[in-house]
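Report on the structure given below.
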Amino acid sequence: MSNNIVSKFLNWMKSAAGFSITATIVIAVLASIASGPYLLVNTIVTGGMLALVATGLTLMLGVLNIAMFAHGEFFMIGSLTAYYVFTPISNYIGENPESFIAVIGPLIAMAGAAIVGAISGIVAEKLVFGPLRKRSTDNWVMNSFLLTVGLSMLLINLHQLIFGADFKGIVGYWTGMPVSIADVFISRDRAMAFVIAVIVVSLFWFFMTYTRTGMAIRAVSQDITGAQIVGIDIEKIVLLTISLACALSAVAGGSLLFMYPSYPTVGLEPLYLAWFVVILSGLGNILGAVAGAFMVALLKVITVEYIGAGWDFVVPSALIMLILIFKPSGIFGSDVRGALDK
Amino acid sequence: MLLEVKNLDAGYGYLQILRSVSLNIDKGEYVCIVGPNGAGKSTTMKTIAGLISPMGGGIIFNGEDITGLSASQITKKGISFVSEEMNLFVNMSVRENLYMGAYIIKDKKIQNERLDFVFSLFPRLAERKDQLAGTMSGGERKMLAIGRGMMSDPKLLLVDEPSFGLAPQLVANVFESLDVLKDQGVTIMLVEQNVTKTLAVTDRGYILENGKIGLQGASCDLADDPHVRKVFLGV
Ligand SMILES: Nc1ncnc2c1ncn2[C@@H]1O[C@H](COP(=O)(O)OP(=O)(O)OP(=O)(O)O)[C@@H](O)[C@H]1O
Ligand SMILES: [Mg+2]
């Protein structure tokens, strides 16, 4: 019995997924022992948020066949919304520090970010992707990709035009003493950012795996004709998917506002990192995207620590190219190739 | 009359395939469309199922004009289409595929009743309910596609070449399961390459050639028709 489990575990270790997850954990632990636990904390916080953005990307690519390069701008929209929602709340908290608003205020800001993110996603579908879908039958992937690049530039410049190019940040969401876990001090904001990422990703995974609507989203991504045949309203699913994907990215932007103040191009870094995740982990797998997010986060954190801040995109992308040479479907790419893997 | 197709024109883009196709099917009937490759049999079915919007003509189902409705709306009216390509959800398990077949049924209890029914029809699917559809054998996939089509408890089942690519034993299985469905009172429209067998089991048939209905009549009469014998049976 126990033998069986051990041999199963060893087999899993030999698979690309098992090996890379184990290697990630080992490296993270070793690096933290060598240079201090803040490395682990940074990896976990960055990874959690990256998971949100990357899941959104996977969804857009898998269900809508859109190589989304404007996803960072929904991160930006989230951080901007959270900034404008939280600033008055934070003034109020400054005057009434004991009020319960001090506890739920940040959550209101993040919920605001999610809602505005979802609405902007719907607007983008109605104004940009929907009309293109009606017109273009050939070359959809290329056309929609170019459209997202344009959308990205448009949103960046709109931000600059309307809100200015300055950094709009906050001192912090939750004030008070850092939490201490096994002698490691973690600021409350970081701890909460991670908790929120875990909750959102778990809810999302549950939604996609077990609910009727989540299954319909997966069905559309695997066979759109099949989905129509069983009676799924494709338009509705498309709208829902876009708003979900954008909301995920916006939540990430909102809850990281204390680390990344809002400015026009704040979304570019999470966008690139999320693309690394999607390429690395292969498509169509939420859990894969989550694991990939922590790997990319670790790569980035370690590169910054040991090689230098200027290298934080070079090393991860070089490593990812290497991995892709050996496993083109990505580490967690599924064995069954569906529309998601096209 | 359950389904009435009147002077249907349809095709792809500017390319017209169907020219004034008219056919009808009564409740409980078992009707086939046969014809050479490229005649437009699949196109006819896809148009009825709403995957292609007609260029002209009309489709009346259950007394209601369904011309130009979307595929999902037509499914909700009670037409289920089992396509030639099957269009299964390859990364989902057999059970998930079947549940998706019952997408238009919200009541979990009825969904489970349908699932039991399909499992009794194809015990093989029950044995493999947790396997991914994409890893099933060709014959198992056909069963799954038909099973999924049955999950919504349709009034009319459109089946496009269910025996294509199957070994003779499995072909027999597929025809048997269609017989069971017919006995249950399901109205079936079948497209098949296997003309002899098809004309032997169905009540009535239409011969489709070059996008037009040539002959029509009772299946036994069609099987004896000299033109049909010459074109399809080579005698
Ligand atoms: N998506 C498409 N775009 C353009 N033309 C198509 C398309 N699908 C089918 N056709 C053409 O329409 C005609 C009829 O095709 P259809 O699939 O309806 O034939 P069929 O009778 O089902 O043939 P088979 O017995 O080979 O399945 C063919 O000439 C085919 O080339
Ligand atoms: Mg055909």
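Compute the long axis of helix B:168-183 from its Cα atoms, compare it with the longest principal axis of the Cα atoms of chain B, and write down the angle in degrees, 0 to 90, nearest 10.
90
Output the residues of the stretch A:204-223 meeting this criterion: accessible area (heavy atoms, 1.4 Å probe) in the chain alone minus accessible area with all protein chains in place is 10 Å² or greater.
Residues shielded by partner chains are A:R212, A:M215, A:A216, A:R218, A:A219, A:Q222, A:D223.
Taking Cα atoms, how many degrees apart are the long axis of helix B:138-150 and the longest axis of chain B, rounded to 10 and kept between 0 and 90?
Here the helix axis deviates by roughly 90 degrees.
Hey, what angle do you get for helix B:108-121 against the long axis of chain B, alpha-carbon based, 0 to 90 degrees rounded to 10?
Here the helix axis deviates by roughly 70 degrees.
Averaging sequence separations of C-alpha pairs under 8 Å and six or more residues apart, then dividing by the length of chain B, give the relative contact order as a whole percent.
With pairs under 8 Å counted, the relative contact order is 26 percent.
Write down the accessible area per residue of the protein assembly as shown in Å², having rolled a 1.4 Å probe over the full set of protein chains.
45
Take the solvent-accessible surface of the protein heavy atoms, probe 1.4 Å, and return the percent of it on the protein assembly as shown that carbon and sulfur atoms account for.
Carbon plus sulfur share of accessible area: 62 percent.
Please compute the Kirkwood hydrodynamic radius of the stretch B:156-221 from all pairs of different C-alpha atoms, in Å with one decimal. Please list the in-between numbers first.
On the way: mean 1/r = 0.0793 Å⁻¹.
Hydrodynamic radius (Kirkwood, Cα pairs) of the stretch B:156-221 is 12.6 Å.
Return the average number of partner chain Cβ atoms within 10 angstrom of each residue Cβ along peptide B:48-54.
On the way: counts 0, 3, 2, 3, 0, 0, 0.
Other-chain Cβ atoms within 10 Å of each residue's Cβ, averaged: 1.
Computed on protein heavy atoms with a 1.4 Å probe, what is the summed buried accessible area for the chain pair B and A, in Å² to the nearest 100?
Looking at B and A, the buried total is near 2100 Å².
Using only the Cα atoms, what convex hull volume per residue in Å³ does the stretch A:24-326 have?
Looking at the stretch A:24-326, the number lands at 146 Å³ per residue.
So between B:K197 and B:Y12, what do we pick up on full extension, going 0.36 nm a residue minus the alpha carbon distance?
63.5 nm is the gain from fully extending B:K197 to B:Y12.
Using only C-alpha positions, report the orientation-averaged shadow area of the convex hull of the protein assembly as shown, nm², one decimal.
31.7
What is the average number of partner chain Cβ atoms found within 10 Å of a Cβ in B:79-90?
Averaged over the peptide's residues, the number is 5.
Report, in cubic angstrom per residue, the convex hull volume of the C-alpha atoms of the stretch B:82-131.
Here the figure is 85 Å³ per residue.
How large is the Kirkwood hydrodynamic radius of the stretch B:37-134, in angstrom, based on all distinct alpha carbon pairs?
Its Kirkwood hydrodynamic radius stands at 15.2 Å.
By average Cβ neighbour count within 10 Å, what is the ranking of A:25-33, B:76-84, A:243-251 from highest down?
Sorting A:25-33, B:76-84, A:243-251 by mean packing, highest first, produces A:243-251, B:76-84, A:25-33.
Sum -39500 (n - 2.57) across every DSSP H segment of at least 4 residues in chain A, then divide by the residue count to get the 222 nm mean residue ellipticity, nearest 500.
Mean residue ellipticity at 222 nm (helix-derived): -24500 deg cm²/dmol.
If one puts a single equal scatterer on every Cα of the stretch B:64-213 and applies the Debye formula without solvent, what log₁₀ I(q)/I(0) results at q = 0.10, 0.17, 0.18, 0.21 Å⁻¹?
Each listed q maps to, in turn, -0.34, -1.00, -1.12, -1.47.
Between B:N112 and B:E176, what FRET efficiency comes out of the Förster formula 1/(1 + (r/R0)^6) with R0 = 35 Å and r the beta carbon distance, rounded to 0.05?
For B:E176 and B:N112, the calculated efficiency is 0.90.
I need the shape label for the stretch A:4-105. Rule: rounded when a/c is under 1.5, else prolate if a/b > b/c, else oblate, with a, b, c from the alpha carbon gyration tensor.
Judged from the Cα gyration tensor, the stretch A:4-105 comes out oblate (a/c at least 1.5, b/c at or above a/b).
Scale the Cα Rg of the stretch A:167-320 by the rule-of-thumb value 2.2 N^0.38 Å and send over the ratio, two decimals.
Computed over Cα atoms of the stretch A:167-320, the ratio equals 1.23.
Can you list the lysines whose alpha carbon is less than 27 Å from that of B:K230, not counting same-chain residues fewer than 8 positions off?
List returned: B:K41, B:K197, B:K212.
The values are calculated or read from the model by the stated rules, or taken from the named source; none is laboratory data. All figures in this text were calculated on a predicted structure; none of them were measured in a lab. Quick reminder, even Gly has a Cβ in these numbers, built from the backbone with ideal geometry, and neighbours come from all protein chains shown. Note: areas computed on protein heavy atoms with side chains; ligands, DNA, RNA excluded. Shrake-Rupley method; radii C 1.70, N 1.55, O 1.52, S 1.80 Å.
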